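Down below is the structure, laid out as structure tokens.
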Amino acid sequence: MEILVCVKRVPDTSENEIEVNSKGTDIDRDDLVYSVNEWDNYAVEEAIQIRDKVGGTVTVITVGDEEAEEVLRREMAMGADKGILLSDEAFEGTDGRGIAAILKAEIEKGNYDLILTGAQADDGAGQVGGMLAAMLDVPYASLVNYLEVIDDKKIKAGREIAGGNQEMNEIELPCVLSIQTGINEPRYVGIRGIRKVASLDIPVRTAGDLGLDASAVAPKVNRVDYFVPEPGEGAEMLEGSTEEIIEKLVEILKAKGGIK
Amino acid sequence: MSRQVFAYILHKEGTPDDTALELITAAKKIDPDASVIAVVTGSGDNLNTVCNEMTASYSEVWKVDHADLAYPNAELVRKALVGILPKDAVVLVPHEHFGLDLSPGLSVKLDAPYLPDVVDFEGVEGDTLKVIRQEFSGMVSTHVQADISGGVVITPRPGSFQPDESKSAGGQATDKSGEIGDLASTRRYLEIVEAEVGEVDITKSDVLVSVGRGIEDQDNLEIIEELAEAMGADISCSRPIVDAKWLEKSRQVGTSGQTVKPKVYMALGISGSFQHMGGIKGSPFIVAVNKNPKAPIFQVADVGVVADILEFVPELTEGIAEEK
């Protein structure tokens, strides 16, 4: 099975405090630690497990600048066979629709059976997979937390819906799925693993290589600014020494029926 | 002609979802003069019941009845909507698991911009609609705009808009079933697998001690157990704890987990994403402990403490024990 996983390099929210820059044009990107989008690791892990079971190839792909290569290499260290970097100045400032159009141009050059994305990334939109599927005219399912290959023509996919329930679907290949966290336990990647793949070649494709002109990636949706909303009244913050805070909190909990 | 805004109505077993009335408010925020049309897809008696109920709130209700739409398979619903919607439609679909399944592809097929997970609208100027979204799990907000002269697909965040309870529309249902065309798809809905019932039913708990990513390690859960025991509370958690398989799925609070209605909710090391907060109903008294003073949980909690739960929780347990 030929599997493609679309990944994204994002600021790591567990390592950084995300703040708006002084002009409000972007988040403050000085000294940010970046990593691969958390959801994408689950997608890559799932792809690797499927390949190990039924054979085939796992390719990881991203749209980004040259620094985005590091996340491809990390996913190759996890076990992906190949990486492809789609990079061009023309791609900067595009929107989700543009990213899907760029991916589509490369995907049509290949012969992929299964295309996976993370369920969402740093902007919380969760849009590229569904757009890509519609552009390719193949079926799509989002928030997949169970995946089983039935044969080389179809899969069974469980979607995470409300209340901890799961919606089961049978889907013909090729298809696009967005993968939810918790579907598996992504393997650990050490420095040694990354060193092993350091010399592997990662081809770079430009807008010209993909036959895309500026209009194909022109954004339909534009971010005007970043801001931090005026905080509401919010919580009553307990301050003082730990001892004082605990004394006050125990009193409050007792009054509210929090201690039985 | 006034602008037409189409609201996709989620429903289950003949009952409309809470978002059905929220979308009216969202539509009026886009354009106070808009004519707002409910679109309801489904099959049989359940569909009729929902359509009837919606005519109280929407002046126009479009009904799409097809046996294959009895369960909302997003691939089929998308085809039906593309069949009936006008080219410049403003379409609202709630941003939850179905909206996420349907809307990105719908925007491509309607060749319209997509505005996902919108928390507020600034209104339309000319043909430009400006909205507010959040990024990085709510740590920053953005203004986003799009030209909607050729239509737009928007997924408003559930719970972000007040439900319009006026129910004075006196509307009518129009049967659009004949216009949907071919619904064939290579994605076939099979069944719903119900969540496993856990050892504790947290939906019935009065006091919940809820733990999140801030616990850092499975071994540290011990301090949460000790606190819960001292308080006489049950333990619940946020999504990362279930993803890591440290606690069972039945203990997860949130839109993809359980909906709880306790009197007191202790959020320990939980940042407070909207998906998590969406699982807490009945306005409990919320105590939040988090080492990040900017965690969104402090916006919704009643009482907050900025502290590392690994240090704070054992001391709190001790404090409670001394009181007893």
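Quick note: the coordinates plus some simple rules give every number you see, no bench work behind them. This is a predicted model, so every value here is computed, not measured. With ideal geometry, Cβ positions are generated from the backbone for all residues, glycine too; neighbour counts draw on all protein chains shown.
Under a model in which nothing but the beta-carbon of Lys, Arg (+1) and Asp, Glu (-1) is charged, the protein assembly as shown shows a dipole of about 1380 debye around its Cα centre.
Taken over the Cα atoms of the stretch B:57-172, the convex hull encloses 130 Å³ per residue. The helix-only estimate of mean residue ellipticity at 222 nm for chain A, built from DSSP H runs of length n ≥ 4 each weighted as -39500 (n - 2.57), is -8500 deg cm²/dmol after division by the residue total. For the pair A:E67 and A:D31 in one chain, pulling the backbone fully straight at 0.36 nm per residue adds 11.5 nm over the alpha carbon distance. Couplings 3J(HN,Hα) of the stretch B:293-300, computed from phi: x, 9, 4, x, 4, 5, 6, 10 Hz, in residue order, whole Hz [Karplus 6.51 cos²θ - 1.76 cosθ + 1.60, θ = phi - 60°; x for Gly and Pro]. Paramagnetic label reach from B:R3 (point 7 Å along Cα→Cβ; backbone nitrogen cut-off under 15 Å): within the stretch B:150-172, residues B:150-156. Between A:N165 and B:A195, the built amide H atoms are under 5 Å apart, and every one of these is 5 or more places off in sequence or on another chain.
Dipole magnitude for chain B: computed about the Cα centre from +1 point charges on Lys and Arg Cβ and -1 point charges on Asp and Glu Cβ, it is near 980 debye.
Translational diffusion of the stretch B:260-324, estimated by Stokes-Einstein from the Kirkwood radius over alpha carbon pairs at 10 °C in a medium of 1.306 mPa s, is 129 µm² per second.
Maximal additional length on extending the A:E92-A:T13 stretch stands at 26.2 nm, based on 0.36 nm per residue less the C-alpha distance.
Over its Cα atoms, what ratio of radius of gyration to 2.2 N^0.38 Å does the stretch B:149-255 give?
1.71
By DSSP, the beta bridges lying fully in the protein assembly as shown are antiparallel in about 40 percent of cases. In whole Å, what is the distance between the alpha-carbon centres of the stretch A:15-43 and the stretch A:232-260? Answer, in whole Å: 33. Simple spin-label estimate for B:D217 and A:E233 gives 4.1 nm between the two label positions (7 Å along the Cα-to-Cβ direction from each Cα). Restricting to DSSP H runs of at least four residues, report the calculated mean residue ellipticity at 222 nm for chain B, -39500 (n - 2.57) per run over all residues, nearest 500 deg cm²/dmol. That calculation yields -7500 deg cm²/dmol at 222 nm.
Of the trypsin sites (Lys or Arg not before Pro) found in the stretch B:43-120, the ones in coil according to DSSP and having at most 14 other Cβ atoms within 10 Å of their Cβ are B:K87. Mean per-residue shielding of peptide A:166-178 is 4, counting Cβ atoms of other chains within 10 Å of each Cβ. Listed peptides A:89-101, A:186-198, B:253-265 appear in the order B:253-265, A:89-101, A:186-198 once ranked by packing, highest mean of other Cβ atoms within 10 Å at the front.
Please tell me the relative contact order of the stretch B:202-323 in percent, rounded to the nearest whole number, where contacts are Cα pairs under 8 Å and at least six residues apart. Can you show the working numbers first?
Working: 262 pairs, mean separation 32.8, N = 122.
Across the stretch B:202-323, relative contact order equals 27 percent.
Under a model in which nothing but the beta-carbon of Lys, Arg (+1) and Asp, Glu (-1) is charged, the stretch B:202-323 shows a dipole of about 960 debye around its Cα centre.
Counting only DSSP beta bridges whose two residues both lie in the stretch A:1-126, roughly 20 percent are antiparallel. Considering all different alpha carbon pairs of chain B, the Kirkwood hydrodynamic radius works out to 21.5 Å. Each peptide in A:26-37, A:158-169 gets a packing score, the mean of other Cβ atoms within 10 Å over its residues, and the list from highest to lowest is A:158-169, A:26-37. Sequentially through the stretch B:34-43, phi angles give Karplus couplings (6.51, -1.76, 1.60; θ = phi - 60°) of 4, 8, 9, 10, 7, 10, 10, 10, x, 7 Hz, Gly and Pro residues having no value and appearing as x.
Using alpha-carbon positions, what is the distance between the centroids of the stretch A:166-198 and the stretch B:226-242, in Å? Using only Cα atoms, the two centres lie 30 Å from each other.
Computed over chain B, relative contact order equals 15 percent, with contacts defined as Cα pairs under 8 Å that lie 6+ residues apart.
Panel note: the C-alpha atoms of the stretch A:170-241, placed on their principal axes, show extents of 59, 42, 38 Å (largest first).
Using a simple spin-label model with pseudo-atoms 7 Å out from Cα toward Cβ, B:D18 and A:I202 lie 4.3 nm apart.
Under 5 Å from the amide H of B:D17 lie the amide H atoms of B:L10, B:H11, B:K12, each residue being 5 or more positions distant or on a separate chain, with H modelled from the backbone and absent for Pro and chain starts.
The stretch A:52-128 and the stretch B:104-176 have Cα centres lying 28 Å from one another.
Quick one: Cα convex hull volume of the stretch B:1-46, Å³ per residue?
Expressed per residue, the convex hull around the Cα atoms of the stretch B:1-46 is 65 Å³.
Based on the Kirkwood radius over alpha-carbon pairs, what is the Stokes-Einstein translational diffusion coefficient of the protein assembly as shown at 20 °C with 1.002 mPa s viscosity, in µm²/s? Walk me through the numbers before you get to the answer.
Details: Rh = 25.0 Å.
Diffusion coefficient, whole number: 86 µm²/s.
Working from Cα pairs under 8 Å separated by at least six residues, relative contact order for the stretch B:70-165 is 34 percent.
Legend: P(r) of the stretch A:67-136 from all alpha carbon pair distances, 5 Å bins from 0, whole percents, reading 3, 13, 22, 27, 26, 9, 0. Relative intensity of the stretch A:2-217 on a log10 scale, I(q)/I(0) at q = 0.07, 0.09, 0.10 Å⁻¹, equals -0.21, -0.34, -0.43, per a Debye sum over C-alpha point scatterers of equal strength in the absence of solvent.
In chain B, what percentage of the DSSP-assigned beta bridges are antiparallel, given to the nearest 5?
Numbers: 15 of 60 bridges.
If we restrict to bridges inside chain B, about 25 percent are antiparallel.
In order along the stretch B:134-149, the phi-based Karplus estimate (6.51 cos²θ - 1.76 cosθ + 1.60, θ = phi - 60°) of 3J(HN,Hα) comes to 10, 10, 6, 6, x, 6, 9, 10, 9, 8, 10, 9, 8, 7, 10, 4 Hz; Gly and Pro are listed as x.
How crowded by other chains is A:112-125, given as the mean number of beta carbons from other chains within 10 Å of each beta carbon?
On the way: counts 0, 0, 0, 0, 0, 0, 0, 2, 3, 1, 3, 8, 13, 11.
What the average comes to for A:112-125 is 3.
If R0 is taken as 56 Å, the Cβ-Cβ distance between B:E225 and B:N46 corresponds to a FRET efficiency of 0.80.
Peptide B:238-247 has a mean shielding of 2, counted as Cβ atoms of other protein chains within 10 Å of each residue's Cβ. Each of B:F298, B:T317, B:I235 was scored by the projection of its Cα onto the charge dipole of the stretch B:202-323, and the greatest displacement toward the positive side belongs to B:F298; charges sit on the C-beta of Lys, Arg, Asp and Glu.
Amide H contacts of A:S35 (H built 1.01 Å from N, in plane; Pro and chain starts excluded): A:V10, A:D12 sit under 5 Å, all sequence-distant by 5 or more or on other chains. Put simply, when A:145-151, B:121-127 are sorted by average Cβ atoms within 10 angstrom per residue, most first, you get A:145-151, B:121-127. Its alpha carbons give the stretch B:231-285 an Rg and a Dmax of 10.5, 29 Å. With distances taken between every two different alpha-carbon atoms, the stretch B:202-323 has a Kirkwood hydrodynamic radius of 13.9 Å.
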